[in-house]
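The values are calculated or read from the model by the stated rules, or taken from the named source; none is laboratory data. On a predicted model such as this, the values are computed, not experimentally measured, just so you know. Note that each Cβ is placed from the backbone with ideal geometry, even for glycine, and that neighbours are counted across all protein chains shown. In case anyone asks, the SASA skips ligands and DNA or RNA and just uses the protein heavy atoms, side chains included. Shrake-Rupley method; radii C 1.70, N 1.55, O 1.52, S 1.80 Å.
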Amino acid sequence: MAVEQPVGVPDHPAAAGDATAVAHPNIALIKYWGKRDERLVLPWTDSLSLTLDVFPTTTRVRLAPGAGRDAVTLDGVPLAGEPRRRVVAFLELVRERAGLALPAVVETRNTVPTGAGLASSASGFAALAAAAGAAYGLGLDATGLSRLARRGSGSAARSVFGGFALWHAGQPGHADADLGSYAEPLPVPVRALDPALVVAVVDAGPKAVSSREAMRHTVDTSPLYRPWAASSQADLIEMRHALDRADLDAVGEIAERNALGMHATMLAARPAVRYLSAATLTVLDAVLELRRGGVAAYATMDAGPNVKVLCRGADAQRVAAAVRGAVGTAAVHLAGPGPGARLLGANPDANPGANP
Ligand code: 2P0
């Protein structure tokens, strides 16, 4: 991609006026499911994720003096309805903070199947936050960028950082709740852990129920929600110890039970929300079979039927072959740890979240 030259905005020297950013999706090993504040996007629980090196989103934001309203496209197609509303609401937040009322042209390129439970909103809002923050001149550090990305989509707070990231829920009742909820990178012995995710796309279609709607419904109606939230905090503590000692089997076991528990909360909601399909269960059987054969392989699923199998990088091809053998129609992708959100064409100091 060509490096964009900043054009600047008269009277706002900090505003680049034109900025392009790239961000990658992340997969939660300890899930985020449920908000305590819908407007500020504050979760009930902490979550922990791995940012991937596949499916980047690239977003360019150009300020457009003279335009009547924001122009927002995804892969060249103008956005409409709720997706457009969410982007425009996010730009409003940025404009308010910048004290700059200009509309923008937002062009996004996604390489992940949108809406398929593969975290396109995480990479999408992390890239948008980085590009819009620079275009409007917010001058945010990585923590500030994570807080801002969170307002677009909760999981985007984590995609600001590369590798493993922990998103703090923040303290309920804190005077400035917004300040307390942000992600930070976790120091993990990645080389010793050698993590890989085999992504089995068993259905790339859009989901019937958005994760936003599904988590709201789960919190409101599922008798299993509070017990899961409590167990998830305990899982997080165990997960951090397992990561510290590069114990991939323990990491996988905790991640798998945390994800299955999250889906149990949805299945117990009234009425149930069920993202898992017959093909999902077939992949779960294949994962069990791999473990019986001595391969460290553990499954996690998000707001969709697709399965991400955590394994060692050294075993990834074997795991991918087993998944393909189980569900012949599945598209299988191999992923490893990826970088945080970064501006294209900017000097490294302007990229506080992008780990090498
Ligand atoms: C996660 N998911 O931790 C969890 C697990 C899906 C299942 O974060 O409403 O798109 O925009 O804050 O971030 C998906 O939810 O939801 C998600 P909003 P988001 O990755």
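Being crowded, with 21+ Cβ neighbours inside 10 Å and of a type in the set (Ser, Thr, Tyr) is the filter; apply it to segment 263-299 and report the residue that is farthest from TYR32 (Cα to Cα). Selected residue: THR280.
Report the residue count in segment 22-56 for those that are basic (Lys, Arg), surrounded by fewer than 24 Cβ atoms within 10 Å (Cβ to Cβ) and more than 22 Å from GLY133 (Cα to Cα).
Keep residues of segment 22-56 that are basic (Lys, Arg), which gives 31, 35-36, 39.
Among the residues that remain, those that are also surrounded by fewer than 24 Cβ atoms within 10 Å (Cβ to Cβ) are: 35-36, 39.
Narrowing further to those that are more than 22 Å from GLY133 (Cα to Cα): 35-36.
Residues that pass the stated criteria total 2.
Residue-by-condition table, conditions (1) farther than 30 Å from ARG191 by Cα; (2) under 21 Å from the mean Cα position of the chain (by Cα):
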| position | (1), (2) |
| --- | --- |
| ILE254 | no, yes |
| ALA279 | yes, no |
| LEU284 | no, no |
| VAL295 | no, no |
| VAL319 | no, no |
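Taking the listed residues ASP249, ASP235, the one that is part of a helix (DSSP H, G or I) and surrounded by fewer than 17 Cβ atoms within 10 Å (Cβ to Cβ) is ASP249, with no other qualifying. Counting residues in segment 135-142 that are open to solvent by 10 Å² or more (accessible area, probe 1.4 Å), within 16 Å of the ligand (Cβ to nearest atom) and among the hydrophobic types (A, V, I, L, M, F, W, C) gives zero. Inspect segment 24-44 for any residue being over 21 Å from ALA214 (Cα atoms) and touching a residue at least 24 places away in the same chain (Cβ under 8 Å) and give the result as yes or no. The answer is yes; a qualifying residue exists. Among the residues of segment 268-285, those identified as under 14 Å from ASP302 (Cα atoms) and free of Cβ contacts under 8 Å to residues at least 24 places away in the same chain are ARG274, LEU281, LEU284. State whether one or more residues within segment 243-253 are within 16 Å of the ligand (Cβ to nearest atom) and within 25 Å of SER159 (Cα to Cα). There is at least one residue in segment 243-253 that is within 16 Å of the ligand (Cβ to nearest atom) and within 25 Å of SER159 (Cα to Cα).
What's the number of the condition ALA175 fails, among (1) modelled with pLDDT under 95; (2) within 14 Å of the ligand (Cβ to nearest atom); (3) farther than 14 Å from ALA28 by Cβ? Just one mismatch for ALA175, condition (2). Which residue pairs have Cβ atoms closer than 7 Å, lie 6 or more positions apart in sequence or on different chains, and pair a first residue in segment 208-228 that is in contact (Cβ under 8 Å) with a residue 12 or more places away in the chain with a second residue that is open to solvent by 40 Å² or more (accessible area, probe 1.4 Å) and within 14 Å of the ligand (Cβ to nearest atom)? Going by the 7 Å Cβ cut-off, the qualifying pairs are TYR225/VAL219.
Take THR221 and tell me if it is surrounded by 22 or more Cβ atoms within 10 Å (Cβ to Cβ), assigned by TED's automatic domain parsing to the domain that holds ALA299, at pLDDT 95 or above and of a type in the set (Ser, Thr, Tyr). Can you show your working first?
Details: surrounded by 22 or more Cβ atoms within 10 Å (Cβ to Cβ): no; assigned by TED's automatic domain parsing to the domain that holds ALA299: yes; at pLDDT 95 or above: yes; of a type in the set (Ser, Thr, Tyr): yes.
Answer is no for this residue.
Looking at segment 229-245, can you tell me whether even one residue there is more than 19 Å from ASP46 (Cβ to Cβ) and of a type outside the set (A, V, I, L, M, F, W, C)? Yes, some residue in segment 229-245 is more than 19 Å from ASP46 (Cβ to Cβ) and of a type outside the set (A, V, I, L, M, F, W, C).
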